Amino acid sequence: MRLGELGTVYRYERSGVLNGLFRVRGFTQDDAHIFCTPEQIEDEVVNCLQFAVDTLTTYGFTQYEAELSTWDGGASGKYDGSPDQWKLGENALRRATERVNMKVKIVPDEAAFYGPKIDVKLVDAIGRPWQLSTVQFDFTLPRRFELEYIGEDGKAHQPLMVHRALYGSIERFFGILIEHYAGAFPVWLSPIQAIVLPITDRQTEYARAIRKQLDDAGIRATVDDRSEKVNLKIRDAQMQKIPYMLVVGDREQENGCVAVRQRKHGDQGVKPLAECIASIRALIESKANAD
């Protein structure tokens with residue numbers, strides 16, 4: 001049984017350590033709780049790790065590292081669960097990392113009190129590690145809530161429980177994502193994917209018609225219909241890091257075309273609108289992380 005939620009979490013962080021979106025007092029956690037049998041546990045952990053890797057790579061994070069936090073063998077008395085449970089949990093986590101070819105560092109005596117865990121840390125564009133995704137065993141809650149399932153032998157058994165978070169904190173992930181791309185998001189992530197820039201007021205209606213076609217194609221678009229020079233409009237759009245600027249003048253209006261300008265590669269020439277829409281849609285659908 002897999003249950004997921006987006007829950008708000010509050011922590012009394014000291015004012016001196018608060019830092020933008022990275023460390024806040026209230027944040028949203030993507031949490032999932034998986035209940036399974038001992039025979040299912042390794043496959044479930046593999047699914048969690050693969051889900052985390054797929055999520056990070058989709059957003060363009062290709063460097064990541066993992067840490068497996070274990071217990072101290074029960075010497076300190078600060079951990080819950082039996083030695084057999086800890087052995088089962090740690091072995092399942094270790095084998096799961098091997099199955100997904102994930103390099104993992106063993107961190108002794110850093111587990112949660114309720115079970116061992118794997119933390120996946122991504123490395124951003126300037127080399128900083130950030131702990132986001134986590135997969136954690138929990139021996140405590142199934143016992144405290146007296147959870148049971150009926151096995152194939154017809155008897156009641158206590159299920160195993162795994163906590164899984166992909167982003168950890170949605171707010172922190174936003175902050176990391178913004179800094180990783182320096183605000184120049186891939187087309188599929190950009191709040192505004194294209195902006196139409198009429199050269200004069202004569203092309204305003206044509207520009208609005210283009211924006212509607214972009215909207216109908218699922219492309220987030222807007223029109224800069226200010227009575228300003230087009231070079232100023234281009235500069236402003238460039239400052240906003242909008243991926244595509246579609247400039248339209250009298251000639252483009254007559255021919256049903258657009259002059260395409262890309263924020264990274266500059267002038268791309270005059271193209272039919274349908275061709276421009278198709279190329280932008282291809283980048284969106286493939287979730288390409290490079291312009």
Residue satisfying all of: in region 65-85; touching a residue at least 40 places away in the same chain (Cβ under 8 Å) and out of contact with any strand residue (DSSP E or B) (no Cβ under 6 Å at 6 or more places or on another chain); nearest to GLN50 (Cα to Cα) among these:
THR70
A careful count of residues in region 96-112 that are of a type outside the set (S, T, N, Q) and surrounded by 13 or more Cβ atoms within 10 Å (Cβ to Cβ) gives 10
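Residues checked against (1) within 22 Å of THR200 (Cα to Cα); (2) in contact (Cβ under 8 Å) with a residue 12 or more places away in the chain; (3) among the aromatic types (Phe, Trp, Tyr):
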site: VAL248; (1), (2), (3): yes, yes, no
site: GLN253; (1), (2), (3): yes, yes, no
site: CYS257; (1), (2), (3): yes, yes, no
site: GLN268; (1), (2), (3): yes, no, no
site: LYS271; (1), (2), (3): yes, yes, no
site: ALA278; (1), (2), (3): no, no, no
site: LYS287; (1), (2), (3): no, yes, no
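To keep it simple, each residue is scored yes or no on (1) assigned to a helix (DSSP H, G or I); (2) modelled with pLDDT under 95; (3) under 30 Å from VAL123 (Cα atoms).
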{"site": "VAL187", "(1), (2), (3)": "no, no, yes"}
{"site": "GLN238", "(1), (2), (3)": "yes, no, yes"}
{"site": "VAL247", "(1), (2), (3)": "no, no, no"}
{"site": "GLU254", "(1), (2), (3)": "yes, yes, no"}
Which residues, counting only those in region 139-173, are touching a Ser or Thr at 6+ places or on another chain (Cβ under 6 Å) and either part of a loop (DSSP other than H, G, I, E, B) or surrounded by fewer than 18 Cβ atoms within 10 Å (Cβ to Cβ) (or both)?
LEU166, ILE170
Any hit, region 166-181, residues being over 20 Å from THR58 (Cβ atoms) and under 24 Å from the mean Cα position of the chain (by Cα)
no
Within region 222-236, restricting attention to residues that are assigned to a loop (DSSP other than H, G, I, E, B) and surrounded by 14 or more Cβ atoms within 10 Å (Cβ to Cβ), which residue is nearest to the chain's Cα centre (by Cα)?
ASP224
Which of the residues that make up region 36-83 are outside any loop (DSSP other than H, G, I, E, B) and small (Gly, Ala, Ser)?
ALA52, ALA66, SER69
Got at least one residue in region 214-221 being without any contact (Cβ under 8 Å) to a residue 40 or more places away in the chain, assigned to a strand (DSSP E or B) and surrounded by 19 or more Cβ atoms within 10 Å (Cβ to Cβ)?
yes
Is region 117-126 home to any residue that is outside any loop (DSSP other than H, G, I, E, B) and either among the polar types (S, T, N, Q) or not assigned by TED's automatic domain parsing to the domain that holds VAL45 (or both)?
no
When you go through (1) in contact (Cβ under 8 Å) with a residue 40 or more places away in the chain; (2) in a helix (DSSP H, G or I); (3) over 24 Å from LEU56 (Cβ atoms) one by one for LEU93, which number turns out not to apply?
(3)
Some residue of region 276-287 being farther than 21 Å from ALA184 by Cβ and not hydroxyl-bearing (Ser, Thr, Tyr):
yes
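The values are calculated or read from the model by the stated rules, or taken from the named source; none is laboratory data. All figures in this text were calculated on a predicted structure; none of them were measured in a lab. Note: ideal-geometry Cβ built from the backbone for every residue, glycine included; neighbour counts use all protein chains shown.
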